[in-house]
Amino acid sequence: MSRFGLIGTITSDHIIVEDRPPLRSLGGILYQAAVLCGLGEDVELFSNCGEELRAEVEAATAGWRTLRREGVAFVPGPGNQVHLRYSERLKEREEVLASAVPALAPEPVIAALPRLDMLLMVFNSGFELRLEDWRRIVAAERRAIWLDVHSLVLAKIVGSHRDYVAVPDWRDWVAGVSYLQANRQELSSLRGHPERWPSRAEIESFAGQAFDVGVRAVMVTLGKDGVLLLTPGARGAAGVGAIAGAGTAARPIVRHIQAPAADRVVDATGCGDVFCAAAMRLLARGASIAEAAEAGVVLASEAVGLAGIAETFGLAASLCRPGQPGK
């Protein structure tokens with residue numbers, strides 16, 4: 001059994017998918033917690049949460065025996081209320097953050113680091129941490145860190161549609177991270193071009209720059225098409241990841257991990273989170289990043305047929321029953 005630290009936001013998700021009834025569920029960092037706790041791993045959760053969500057959060061996670069909630073602080077108000085809309089006509093979902101919670105203090109996370117095997121940081125809202133506090137956490141951590149940039153690339157506004165924006169200081173957020181996760185739209189914002197998705201060559205170039213600041217692997221989630229996994233390869237003078245001023249650069253090794261066809265699609269919300277949690281668990285157990293990513297893609301393809309954290313927890317827990325591969 002491993003112990004994972006999870007930093008993120010507990011959200012109340014209001015979801016609209018074309019031609020389907022509206023959905024409402026707790027979400028955010030609880031998706032990763034649901035997978036890891038369902039698989040029997042120890043989880044310490046660090047999050048600010050609206051006081052108005054307290055009873056629902058406590059009831060929803062009451063059966064998650066391996067979840068430590070001491071790092072959850074309940075603050076006045078409704079918490080993070082997120083309105084999401086999915087459509088075949090959209091490249092990415094539309095999001096409105098109706099209300100938000102303040103940034104976390106880094107001290108509880110730093111105090112917990114010595115007892116953690118792996119740390120996950122997910123920007124569920126983009127307001128979770130100030131950059132200087134995040135740098136303090138990274139400087140104090142001596143083990144692996146997984147970063148999912150997610151809402152870090154959305155305009156920091158509350159109450160109206162959030163456009164994707166360029167993140168010119170992305171290296172400051174990424175430096176020292178072991179594993180970096182983003183979808184194509186999020187990666188395009190990190191590259192400074194939120195108006196269009198990157199080409200394969202541009203993805204490889206970005207990965208080379210990420211390797212230069214310490215990243216071991218870049219995972220670009222592709223929805224139903226799986227995940228692109230990029231890891232450093234041989235170094236050479238003309239590597240595709242070359243940047244100005246760099247004499248050599250890592251040529252990424254690129255693996256396209258295809259997703260199994262889903263039997264049915266109910267709600268895509270949280271599927272990237274399921275991928276992340278399943279892959280992290282295997283990494284902590286000594287698996288290679290390729291093995292871990294493949295397992296994450298498989299579980300995420302099953303999660304797309306579910307809705308909400310309760311069903312996600314149930315899916316993960318089913319893998320730990322006798323005779324199942326997650327045992």
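The values are calculated or read from the model by the stated rules, or taken from the named source; none is laboratory data. Because the structure is predicted, anything quoted here is derived from the model rather than measured. Glycine also receives a Cβ, built like all others from the backbone with ideal geometry; neighbour counts cover every protein chain displayed.
Below, the figures for the structure above:
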item: Every residue from the stretch 186-228 that is in a helix (DSSP H, G or I) and among the β-branched types (Val, Ile, Thr); result: Ile203
item: Residue within the stretch 106-117 that is small (Gly, Ala, Ser) and within 26 Å of Val167 (Cβ to Cβ) present; result: no
item: Residues of the stretch 156-181 classified as surrounded by fewer than 18 Cβ atoms within 10 Å (Cβ to Cβ) and in contact with a Pro (Cβ under 7 Å, 6 or more places away or on another chain), total; result: 2
item: Members of the stretch 129-152 found to be part of a helix (DSSP H, G or I) and not acidic (Asp, Glu), listed by number; result: Leu131, Trp134, Arg135, Arg136, Ile137, Val138, Ala139, Ala140, His150, Ser151, Leu152
item: Counted residues, the stretch 189-202 - those being surrounded by 15 or more Cβ atoms within 10 Å (Cβ to Cβ) and out of contact with any strand residue (DSSP E or B) (no Cβ under 6 Å at 6 or more places or on another chain); result: 5
item: Residue list for the stretch 120-149, restricted to those being touching a Ser or Thr at 6+ places or on another chain (Cβ under 9 Å) and not acidic (Asp, Glu); result: Val122, Phe123, Asn124, Ser125, Gly126, Phe127, Arg143, Ala144, Ile145, Trp146, Leu147, Val149
item: Some residue of the stretch 154-165 being among the small types (Gly, Ala, Ser), at pLDDT below 95 and out of contact with any Lys or Arg (no Cβ under 6 Å at 6 or more places or on another chain); result: yes
item: Single unsatisfied condition, Gly5 versus (1) assigned to a strand (DSSP E or B); (2) touching a Lys or Arg at 6+ places or on another chain (Cβ under 8 Å); result: (2)
item: Leu131 surrounded by fewer than 14 Cβ atoms within 10 Å (Cβ to Cβ) and at pLDDT 95 or above; result: yes
item: Asp273 vs. criteria of a type in the set (Asp, Glu) and modelled with pLDDT under 90; result: no
item: Subset of the stretch 1-22 [under 18 Å from Trp146 (Cα atoms), of a type outside the set (A, V, I, L, M) and crowded, with 24+ Cβ neighbours inside 10 Å]; result: Phe4, Gly5, Gly8, Thr9
item: Odd one out for Val153, checked against (1) crowded, with 23+ Cβ neighbours inside 10 Å; (2) under 22 Å from Ala73 (Cβ atoms); (3) not small (Gly, Ala, Ser); result: (2)
item: Failed condition for Gly233, given (1) crowded, with 23+ Cβ neighbours inside 10 Å; (2) farther than 26 Å from Thr11 by Cα; result: (1)
item: Failed condition for Leu147, given (1) without any contact (Cβ under 8 Å) to a residue 12 or more places away in the chain; (2) crowded, with 22+ Cβ neighbours inside 10 Å; result: (1)
item: Long-range neighbours under 8 Å by Cβ, at least six apart or interchain, first residue modelled with pLDDT of 95 or more within the stretch 101-121, second part of a helix (DSSP H, G or I) and of a type in the set (Lys, Arg); result: Pro106/Arg136; Ile110/Arg136
